[in-house]
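Only the coordinates and a few stated rules stand behind these numbers; no lab work does. This one's a predicted model, so the numbers in the text were calculated from it and none came from an experiment. We place every Cβ from the backbone using ideal geometry, glycine too, and count neighbours over all the protein chains shown.
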Ligand SMILES: Cc1cc2nc3c(=O)[nH]c(=O)nc-3n(C[C@H](O)[C@H](O)[C@H](O)COP(=O)(O)OP(=O)(O)OC[C@H]3O[C@@H](n4cnc5c(N)ncnc54)[C@H](O)[C@@H]3O)c2cc1C
């Protein structure tokens, strides 16, 4: 019997696995998707090869790319942007690692306290979360982004539009700032040349400004896996978990199995309580099923698969909140077209931002040709110049909302990709019971009935809609102040790429699945440590750092509650994931 089984090796699961392996527990990490142990031989950086959702190497599907991607039913025009594989969706993420705004925590008493989703706060205070943020920030590590021309343009626009600069990690006021990114700072030749011969490790270290964050980071060439620039969990927490004996006193390496899709969580009645006892997983390559028992089971399969697995396992759902309350930052996209190059294809995917606590946030994002063309099309406001779906947004947008197609799209794209700046508009959206994951009535796949994702794009709460309009309006103001001659708002169709809170932790047993320890309210020894555990949309900022901080806190709780251990975050100094002992052990393992 294992001590702990963790289901899913994305943003959250490896964090829990690493922390518990470092304490000497016998941890098994099961990942349904592929393990790209040597990505440099398989990854190309071509957009279609990497990100085509059906056949790309960064998709939600099995490792065999001739097999279909795993299907989800959508109740609306939408694309849930998640990946399978070791690293999960962090393989594509751009590493932005802001903290949640303090206003979403239980103890917040600032003058703007009613601006937030007040009914769904964290069940504990911001001050309790800070040591876990600091621990993760030191481990990954999180550092102020390296910047270039596109960031200079953004900062000038923000200042000209009247926003103040923010420089501390805790953001309480509307402001702009460099990103705090989970990307190693450039060193040596990095950022100083584009000559590939001069950009191999150790001549170059950290971010080489290659501009390929979303295609999976593989640089600097020849760097050990734990020194690759972007700190997706396949480069940070997973290497730590599987080498724990090499760097943690008393640590024990976690067992990682990829292509291992968990299809059932087993329970027994212990002292009259439903209690998790293990899992069944299916080997995607052979089709064989395996049973494994554990003292504790941790779900980290992401916001869509966790409810699916819960339902397929027949686990209890007495308050009907399993799968409900899904938040997605109700993403919108506002693009500025500049009369000159702003070098938008160079550098980290997003190295600058603006924050609007309780309203949302902006990411000033790098462009790429097919992503930009996709964004110009991904609208819920009909086709620009032809019809509006009854939604065309009046006022400041001068009719420049909606899908851009045909000659209009061609003309726009001919502006040149380095002339675009697109702003990802993250909305602080409300937890709403109607936005949820259920089981689809369509035929299932090899892992059982498939999930159906319901996000009511056109029926969001008044606060959510007002927040999205407000933050989009600011994006236009900043882009114009920065010198864009054309500004287009997509009124984007549903593109959940920050999916949160479908198995939420909460104060109230009426509308939450997890208690304040991260344990399932109705199943003992079952915990959740990914985005689905987040109580709310965090006030707007990107979620992964908060998920990893919460996963660290939950790992401590597991250690205390079921293994008689002492907490460590307030007493120890974290080991950084770039530690040479990890590189040395990976080399011994041929990784
Ligand atoms: C384009 C893009 C850019 C992004 N940029 C940022 C950013 O800059 N900053 C930020 O904070 N966030 C960003 N995100 C979001 C970020 O990727 C997620 O917040 C994070 O990955 C969520 O972690 P997770 O563990 O909840 O889920 P995931 O990372 O999706 O991981 C879940 C894992 O579980 C596996 N799994 C699912 N079901 C099972 C099962 N039954 N058995 C075994 N394995 C299973 C999946 O295959 C997957 O690997 C971005 C997302 C996208 C798409």
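Express the Stokes-Einstein translational diffusion coefficient of the stretch 287-338 in µm² s⁻¹, to the nearest whole number, given a Kirkwood radius over alpha-carbon pairs, 20 °C and a viscosity of 1.002 mPa s.
145
Given a Förster distance of 35 Å, report the FRET efficiency between residue 570 and residue 167 from their Cβ-Cβ distance, rounded to the nearest 0.05.
0.85
Could you give the spread of the C-alpha atoms of the stretch 327-411 along their three principal axes, from largest to smallest, in whole angstroms?
37, 34, 23
Most exposed first by the Cβ proxy, i.e. fewest other Cβ within 10 Å, how do 380, 283, 117 rank?
Placing the least packed residue first, the sequence is 283, 380, 117.
Distance from the Cα centre of the stretch 403-450 to that of the stretch 267-334, in angstrom?
One Cα centre to the other: 25 Å.
Be a star and scan the stretch 422-447 for residues whose amide nitrogen sits under 16 Å from the point 7 Å along the Cα-to-Cβ vector of residue 289.
Counting backbone N atoms under 16 Å from the label point, the list is 444-447.
Please work out how much length the chain gains when fully extended from residue 152 to residue 249, using 0.36 nm per residue of separation minus the C-alpha to C-alpha distance, in nm with one decimal.
30.5 nm
Just the ratio, please: alpha-carbon radius of gyration of the chain over 2.2 N^0.38 Å, N its number of residues.
0.91
For the stretch 35-130, state the average projected area of the convex hull of the C-alpha atoms over all orientations, rounded to one decimal in nm².
9.6
I want to verify the translational diffusion coefficient of the stretch 200-317 in µm²/s; compute it with Stokes-Einstein, Rh as the Kirkwood radius over Cα pairs, at 25 °C and 0.890 mPa s.
So the translational diffusion coefficient is about 141 µm²/s.
Express the relative contact order of the chain as a whole percentage, based on alpha carbon pairs under 8 Å and six or more residues apart in sequence.
23
Apply 1/(1 + (r/R0)^6) to the Cβ-Cβ distance of residue 69 and residue 383, taking R0 = 35 Å, and write down the FRET efficiency to the nearest 0.05.
After rounding to 0.05, the efficiency reads 0.80.
Evaluate the Debye formula for the stretch 465-513 with equal point scatterers sitting on the alpha carbons, no solvent, and hand back log10 of I(q)/I(0) at q = 0.13, 0.29, 0.32, 0.33 Å⁻¹, in q order, two decimals.
One equal scatterer on each Cα of the stretch 465-513 leads to -0.54, -1.06, -1.12, -1.14.
Could you work out how far apart the two model spin labels at residue 509 and residue 319 are, taking each label as a point 7 Å from the Cα in the direction of the beta carbon, and quote it in nm?
Taking the two extended label points, one gets 0.9 nm.
Of the DSSP beta bridges with both residues in the chain, give the percent that are antiparallel, rounding to the nearest 5.
Of those bridges, close to 70 percent are antiparallel.
With r defined as the distance between the Cβ atoms of residue 587 and residue 257 and R0 fixed at 22 Å, what FRET efficiency is calculated, to the nearest 0.05?
Efficiency for this residue pair is about 0.50.
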